[in-house]
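**Student:** Sharing a structure here in structure tokens format.
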Amino acid sequence: MNAISKLLSQKSNIFYIVFDKDFKTMEFSPTIEEIIHDEIEKGLDVRESMWELVGLEEKILKLIEGDDAIHFPMILKGATYYDLDVETFFSAKGVKLFIAYLIKKNKESLSYVATIKEINKKSLIYETEDKKNQEEQYKLINKRVINFNVDMNGMITSANDAFAYFFDIRRDKILGEHFSNFFKARDSNFNDKETIIFNAVNKNDEIVSFHANIIPIGRDNVIYENIIICQDISSLKEIEKELVFAAGNDSLTGVANRSQLLDKMDEAIIKSKNLNASFSACFIDLENFKLVNSDYGRHAGDMLLKHVAKILSNFVRKNDMVARISGNEFAILFDSISDTQGIGVMLERIKELAIKNPLIYTKDDVIKFTFNISLVSYPKDANNAEKLIKVADKMMCLKKRDS
Amino acid sequence: MIAYKVVMVGDFGVGKTSLVRRFVDNSFSEDYLSTIGVSISKKSLGNSTVMLWDIEGDTEFKPIFKQYLLGAKGFIIVADVTRKNSLESIQKHIELCHSIVSGAPICVALNKSDAPHAISEETIKSLKSLSPSIVEVLKTSAKNGDAVLEIFYMLDKNVSQTIKNRS
Ligand SMILES: Nc1nc2c(ncn2[C@@H]2O[C@H](COP(=O)(O)OP(=O)(O)OP(=O)(O)O)[C@@H](O)[C@H]2O)c(=O)[nH]1
Ligand SMILES: [Mg+2]
């Protein structure tokens, strides 16, 4: 026993109680009080402190006759999960004793718990919200949760119906196959990974992305299998993309918005500082925009803005950024043009763009427009993004007044 | 004083945890936090102490882990009156309980009875006839407390009697 208890207490995530065939507590790990509900004392009935053992008396006594050890996984105490094992052994005096130990679960099991909770929550909503379709809905969501086991070589040892349904394949055709025949991941090695993104091609030849949780199962610190739970996240990924885009882009024209421009300018400032370089941005005021709005209506105004965004985007180089920063104001952030001559040519060509590309509103209505452009450079005009925009605004006003 | 084990069995989300919470500390929450694995509570009832095993519910992709049922003296099978699926699962759960502890007494809780539902006396009768081990079928509500104490006491009465008769 000494050897066992020493070994066990070395690992702070293992707690144990030793008891005899009358269920009297003999010994326990010093830290066990952290995790049991009642007081613990030598000589007291072990069931007073380990409620889990109530009802198992017969099974426990049968351990002496060589029955398999008792194992209960995932017992929740407070916010922590434990596995409970009960085994028998000979004491130093040659008496058969029992040891119950609780092993704290590792992090993997927590991400697994969170996943199942989410799935169940969604399933319950589906089942209760739409009574008419509840059965279909329920089946649908469960069909989406693919769940299979793989051994340490990646061979599939069991799979649920959702797996067979997704690939439209019989279950016996799945077992014994390598999982990578079905799911493609960048890394085929599961060790040390809790989650992974898989792609798979379904029976309709569509590529579906899955978020997979990998739960190692094993005993005595030896993992012999992994359970893999895959959730279809294609729809989530689409939504996420849209949200990210909406946060950084102008909803009317699709070009970057002010906030994305500011971010990009901040980046450019850091880059310039590091390289001891400079960069420029030009701010473009769409003149007579108000007139277009009042003469032709808002629809024409919107069309004009889209038109301008398009011609500017077509004109700039790949790494330049076009942004709409207010009602009728656009900006272009040039990626690394520092010589003034190059910029001068660029600005002339932008002005020409407006003249060469009037908006053809209807067959008879061609809407002409012009640009009022000002140019600012870092670090010459200001040392941060907001200030650069302010300087540009000021220049713009001065020009308007002069003309 | 006797101590024994009771396991709550049923589909996911039917209110197993909520019934235990209502019974043990008279509380209720609208939030659904699904149970994973098992959480064990203790409750004293007159002459007995019950260890209540609140286990994770049955889902299509993750069946109940049978081992948890070992050594139980009684079961409470829970269904949700608003979800047909969960009512249809009762039969399957009875079989599961009896495959581990044959003939153990069972109470059936038709939970969420505070919500609109269509459970007739007929249905209750036919549920009772599913097995001779069924002690009682009651409409319960963990939300407003209806029949929650009754169902636990009913099972306790039955289990205590069986234990006494044996000793
Ligand atoms: N209206 C109503 N809602 C209830 C009742 N009992 C439980 N609920 C709700 O139903 C949902 C699920 O309840 P739980 O007690 O977590 O269900 P469970 O059976 O333990 O679920 P699993 O642990 O996933 O198997 C929660 O949102 C509860 O608030 C009830 O009597 N009436
Ligand atoms: Mg629960």
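The values are calculated or read from the model by the stated rules, or taken from the named source; none is laboratory data. What you see is a predicted model; the values in this text were computed from it and never measured. Reconstructed Cβ throughout: ideal geometry from the backbone, glycine too, with neighbour counts over all protein chains shown.
**Student:** For segment B:88-102, indicate whether the set of residues that are in contact (Cβ under 8 Å) with a residue 60 or more places away in the chain and within 12 Å of ligand 2 (Cβ to nearest atom) is non-empty.
**Tutor:** Looking for residues that are in contact (Cβ under 8 Å) with a residue 60 or more places away in the chain and within 12 Å of ligand 2 (Cβ to nearest atom), one finds none in segment B:88-102, hence no.
**Student:** Checking residue B:102 against (1) within 16 Å of ligand 1 (Cβ to nearest atom); (2) out of contact with any Lys or Arg (no Cβ under 8 Å at 6 or more places or on another chain); (3) more than 16 Å from residue B:18 (Cβ to Cβ), which test does it fail?
**Tutor:** All conditions are met except number (1).
**Student:** For segment B:38-58, indicate whether the set of residues that are facing another protein chain (nearest Cβ under 10 Å), free of Cβ contacts under 8 Å to residues at least 24 places away in the same chain, more than 14 Å from ligand 2 (Cβ to nearest atom) and closer than 16 Å to residue B:159 by Cβ is non-empty.
**Tutor:** yes
**Student:** Continuing with this model, one more query. So is residue B:112 within 10 Å of ligand 1 (Cβ to nearest atom) and either within 9 Å of chain A (Cβ to nearest Cβ) or more than 16 Å from residue B:5 (Cβ to Cβ) (or both) or not? Explain how you work it out, then say what you get.
**Tutor:** Details: within 10 Å of ligand 1 (Cβ to nearest atom): yes; either within 9 Å of chain A (Cβ to nearest Cβ) or more than 16 Å from residue B:5 (Cβ to Cβ) (or both): yes.
Against the criterion (within 10 Å of ligand 1 (Cβ to nearest atom) and either within 9 Å of chain A (Cβ to nearest Cβ) or more than 16 Å from residue B:5 (Cβ to Cβ) (or both)), residue B:112 qualifies.
**Student:** Separate question: Search segment A:49-75 for residues being assigned to a helix (DSSP H, G or I) and under 14 Å from residue B:40 (Cβ atoms), and hand back the single one that is farthest from the other protein chains (Cβ to nearest Cβ).
**Tutor:** Checked segment A:49-75; the qualifying residue farthest from the other protein chains (Cβ to nearest Cβ) is A:49.
**Student:** Among residues belonging to segment B:1-14 that are in contact with a helix residue (DSSP H, G or I) (Cβ under 7 Å, 6 or more places away or on another chain) and either within 9 Å of ligand 1 (Cβ to nearest atom) or assigned to a loop (DSSP other than H, G, I, E, B) (or both), point out the one that is nearest to residue B:155 (Cα to Cα).
**Tutor:** Filtering segment B:1-14 for residues that are in contact with a helix residue (DSSP H, G or I) (Cβ under 7 Å, 6 or more places away or on another chain) and either within 9 Å of ligand 1 (Cβ to nearest atom) or assigned to a loop (DSSP other than H, G, I, E, B) (or both), the one nearest to residue B:155 (Cα to Cα) comes out as B:8.
**Student:** Under 6 Å between Cβ atoms, at least 6 apart or on separate chains: pull out the pairs that start in segment A:43-72 with a residue that is in the same structural domain as residue A:30 (by TED's automatic domain parsing) and of a type in the set (Gly, Ala, Ser) and end on any residue that is in a loop (DSSP other than H, G, I, E, B) and exposed (fewer than 15 other Cβ atoms within 10 Å of the Cβ).
**Tutor:** A:49/A:38
**Student:** Further question: Are any of the residues in segment A:99-119 more than 10 Å from chain B (Cβ to nearest Cβ), at pLDDT 70 or above and touching a Leu at 6+ places or on another chain (Cβ under 6 Å)?
**Tutor:** Yes - at least one qualifying residue is present in segment A:99-119.
**Student:** A follow-up question, please. How many residues does segment A:43-92 contain that are over 46 Å from the mean Cα position of the chain (by Cα) and among the basic types (Lys, Arg)?
**Tutor:** 1
**Student:** Additional query: Starting from residues that are surrounded by 15 or more Cβ atoms within 10 Å (Cβ to Cβ) and facing another protein chain (nearest Cβ under 9 Å), keep the ones in segment B:15-37 and report whichever is farthest from ligand 1 (Cβ to nearest atom).
**Tutor:** Step by step, filter segment B:15-37, then rank; the result is B:37.
**Student:** Something else now. Only one of these is within 13 Å of ligand 2 (Cβ to nearest atom), more than 16 Å from the chain's Cα centre (by Cα), polar (S, T, N, Q) and closer than 20 Å to residue B:148 by Cβ: B:18, B:29. Name it.
**Tutor:** B:29
**Student:** Let me ask another. Determine whether residue B:128 is within 16 Å of ligand 2 (Cβ to nearest atom), surrounded by fewer than 22 Cβ atoms within 10 Å (Cβ to Cβ) and either over 23 Å from residue B:43 (Cβ atoms) or modelled with pLDDT of 95 or more (or both).
**Tutor:** No; evaluated as a whole, the condition is false for this residue.
**Student:** Now a separate question. When residue A:323 is evaluated against the numbered criteria (1) over 20 Å from residue A:260 (Cα atoms); (2) crowded, with 17+ Cβ neighbours inside 10 Å; (3) of a type in the set (A, V, I, L, M); (4) at pLDDT 90 or above, which criterion, by number, is the only one it fails?
**Tutor:** (1)
**Student:** Give the residue, chosen from B:64, B:55, that is at pLDDT below 95, within 26 Å of residue A:112 (Cβ to Cβ) and within 12 Å of ligand 1 (Cβ to nearest atom). Talk me through it step by step, then tell me what you get.
**Tutor:** On the way: B:55 fails: at pLDDT below 95.
Matching residue, one of B:64, B:55: B:64.
**Student:** Separate question: With A:283, A:279 as the choices, which residue is under 24 Å from residue A:348 (Cα atoms) and touching an Asp or Glu at 6+ places or on another chain (Cβ under 7 Å)?
**Tutor:** Numbers: A:279 fails: touching an Asp or Glu at 6+ places or on another chain (Cβ under 7 Å).
Only one candidate passes the filter, namely A:283.
**Student:** Could you list, in sequence order, all residues of segment A:355-382 that are without any contact (Cβ under 8 Å) to a residue 24 or more places away in the chain and under 23 Å from residue A:256 (Cβ atoms)?
**Tutor:** Listed by number, the residues that qualify are A:381, A:382.
**Student:** Do you know which residues across segment B:64-88 are more than 9 Å from every other protein chain (Cβ to nearest Cβ), under 13 Å from residue B:14 (Cα atoms) and surrounded by fewer than 21 Cβ atoms within 10 Å (Cβ to Cβ)? Give the derivation first.
**Tutor:** Start the filter on segment B:64-88 by keeping residues that are more than 9 Å from every other protein chain (Cβ to nearest Cβ), which leaves B:64, B:66, B:69, B:74-79, B:81, B:87-88.
From the residues that got through so far, the ones that are under 13 Å from residue B:14 (Cα atoms) too are B:76-79, B:81, B:87-88.
Listed by number, the residues that qualify are B:87, B:88.
**Student:** Follow-up. Across segment A:120-160, what is the number of residues that are touching a Phe, Trp or Tyr at 6+ places or on another chain (Cβ under 9 Å), at pLDDT below 80 and more than 14 Å from residue A:214 (Cα to Cα)?
**Tutor:** 13
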